[in-house]
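Remarks on the structure that follows.
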Amino acid sequence: MSFARTSPSLRVLLVLVAVSAVAAACTGLPAATPASTPATTPAPATGGAAPTTTPAPATEPVPTPLPSATPDRIIPRVSISPVPGDGASVPAPVLAAVVADAARRTGTAPADVTVVTAKGVTWPNGALGCPQPGFMYTQMVQPGYQVVVEAGGTRLDYRVGMSGAPQLCENPPGPG
């Protein structure tokens, strides 16, 4: 059977399965298989009736298990106490990421990192208030956070934008 001699609906089905397989290969998701697509019943050889389509049985999605701690993979838990200002508006995962990064950079334990200030900020652009020479930034306001911590006698100023990933501002601009 050649592709050119197949019925138009079967060609569409084959193209959709091929596109699904390519997309799955690019995203890592399982590809659709002909078993999960509608079944086509060919017309009788004596002609006349058009092929009919019957829906395939529905399958339930299988949930992906969440990662869990194992002896070779420890998931740290950091407890953060309330801080002055509106620190309550900064999500706990953001604070935990900042504390973990500050502890790593300074060689201190996460429990020894002190959150000095934590507040919600609307940054004027993608530089998050900490532009670096030679870089171009998105020129639109960015909601985010500023978290200042102290670890090992060093004060660190973190900026967080829409990505949610904290970035250390190594040369914060002065007031004014």
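Identify all residues within the range 118-176 that are touching a Pro at 6+ places or on another chain (Cβ under 9 Å) and at pLDDT below 90; write none if there are none.
Passing the criteria: 162, 164, 173.
Between a residue in the range 107-128 that is within 18 Å of residue 89 (Cα to Cα) and any residue that is small (Gly, Ala, Ser) and modelled with pLDDT under 95, which pairs come within a Cβ distance under 6 Å, given they are 6 or more apart or on different chains?
117/85; 118/87; 119/85; 120/89; 121/144; 123/129; 123/144; 128/161
For the range 121-137, name all the residues that are surrounded by 13 or more Cβ atoms within 10 Å (Cβ to Cβ) and in a loop (DSSP other than H, G, I, E, B).
Across the range 121-137, the qualifying residues are 124, 125, 126, 127, 128, 129, 130, 131, 137.
Can you tell me which residue in the range 94-120 is farthest from the chain's Cα centre (by Cα), limited to those that are in a helix (DSSP H, G or I) and of a type in the set (D, E, K, R)?
Of everything passing the filter in the range 94-120, 112 is farthest from the chain's Cα centre (by Cα).
Of all residues in the range 144-158, which are surrounded by fewer than 22 Cβ atoms within 10 Å (Cβ to Cβ), among the β-branched types (Val, Ile, Thr) and under 29 Å from the mean Cα position of the chain (by Cα)?
Residue satisfying the conditions is 148 alone.
Exactly one condition in (1) part of a loop (DSSP other than H, G, I, E, B); (2) surrounded by 15 or more Cβ atoms within 10 Å (Cβ to Cβ); (3) touching a residue at least 40 places away in the same chain (Cβ under 8 Å) is false for residue 164; which is it?
With (1) part of a loop (DSSP other than H, G, I, E, B); (2) surrounded by 15 or more Cβ atoms within 10 Å (Cβ to Cβ); (3) touching a residue at least 40 places away in the same chain (Cβ under 8 Å) applied to residue 164, the lone miss is (2).
The values are calculated or read from the model by the stated rules, or taken from the named source; none is laboratory data. Remember, predicted model here, so these are calculated numbers, not experimental data. Reconstructed Cβ throughout: ideal geometry from the backbone, glycine too, with neighbour counts over all protein chains shown.
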